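To keep things clear, I will list the structure first and then write my remarks on it.
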Amino acid sequence: MRRYPQGVAVVTTTWKGKMVGMTVNTFNSLSLNPPLVLFIADRTKGNDVPFRETSSFSVNLVDDAKILDVFATKPVETRFQEVKFHLSKEGVPLLSDGYAYLLASRSQVIDVGDHAIIVGEVKEVKVNREPNPLVYYMRNYRNVCI
Ligand SMILES: Cc1cc2nc3c(=O)[nH]c(=O)nc-3n(C[C@H](O)[C@H](O)[C@H](O)COP(=O)(O)O)c2cc1C
């Protein structure tokens with residue numbers, strides 16, 4: 001799979017009073033009508049649990065490798081200390097330096113093997129600026145020239 005370039009995003013929610021977020025390369029659109037998106041969470045690490053147990057999540061489109069690194073490698077408890085964010089009215093963190101975000105209400109969780117497909121219905125979309133997008137390829141973030 002490392003030879004297959006994949007888009008990257010940071011998914012977040014607030015779970016049991018704590019903000020959680022992780023970098024994913026499994027975000028995708030699923031349906032236009034209704035507007036559904038999905039990402040896939042690793043159940044062996046418990047990455048699905050916060051998203052399974054809350055009703056809303058955000059998907060932040062990020063073109064800064066440092067932020068993607070924070071949400072993949074830093075201790076879960078300290079991640080939001082390293083980035084700028086604000087909260088949606090549902091209390092879901094939105095990364096201020098992302099180039100766009102969407103807010104979704106969780107509609108389905110489908111367990112498949114050791115992962116879970118988290119499906120959300122899109123409730124709000126905001127584009128902040130033009131991106132300089134990154135893809136994850138050969139275990140590195142790489143710029144896409146546009
Ligand atoms: C480029 C990249 C993509 C990732 N994509 C996913 C993903 O789609 N689903 C997932 O559950 N974890 C994914 N991860 C791992 C999570 O980001 C990581 O497990 C999560 O942030 C929790 O951190 P921890 O495993 O250190 O507890 C990805 C990591 C990287 C570096």
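Key figures
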quantity: Dimensionless Rg over Rh [segment 3-78; C-alpha; Kirkwood]; calculated: 0.96
quantity: Surface accessible to a 1.4 Å probe, residue 2 within the full protein complex, Å²; calculated: 100 Å²
quantity: Sequence of 86, 115 when ordered by accessible area, the most exposed leading, probe 1.4 angstrom; calculated: 86, 115
quantity: Shape call, segment 63-128: gyration tensor on alpha carbons, a/c limit 1.5; calculated: oblate
quantity: Estimated vicinal HN-Hα couplings, Hz - segment 88-103 in sequence order (Karplus 6.51, -1.76, 1.60; Gly, Pro = x); calculated: 6, 5, 7, x, 8, x, 10, 7, 5, 8, x, 8, 6, 9, 9, 10
quantity: Probe 1.4 Å, all protein chains present, accessible-area order of 64, 48, 69, largest first; calculated: 69, 64, 48
quantity: Net charge dipole size for segment 38-109 [Lys, Arg +1 and Asp, Glu -1 on Cβ; Debye, nearest 20]; calculated: 160 debye
quantity: Fully extended contour minus Cα-Cα distance, from residue 86 to residue 128, at 0.36 nm per residue; calculated: 13.8 nm
quantity: Residue 29 accessible area, 1.4 Å probe, all protein chains in place, Å² to nearest 10; calculated: 90 Å²
quantity: Convex hull projection area averaged over all views, segment 6-143, Cα basis, nm²; calculated: 8.0 nm²
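The values are calculated or read from the model by the stated rules, or taken from the named source; none is laboratory data. Predicted, not measured: the structure shown is a model, and the values here were computed from it. All Cβ positions, glycine included, derive from the backbone under ideal geometry; neighbour counts span all protein chains shown. With ligands, DNA and RNA removed, areas are computed over all heavy atoms of the protein, side chains included. Shrake-Rupley method; radii C 1.70, N 1.55, O 1.52, S 1.80 Å.
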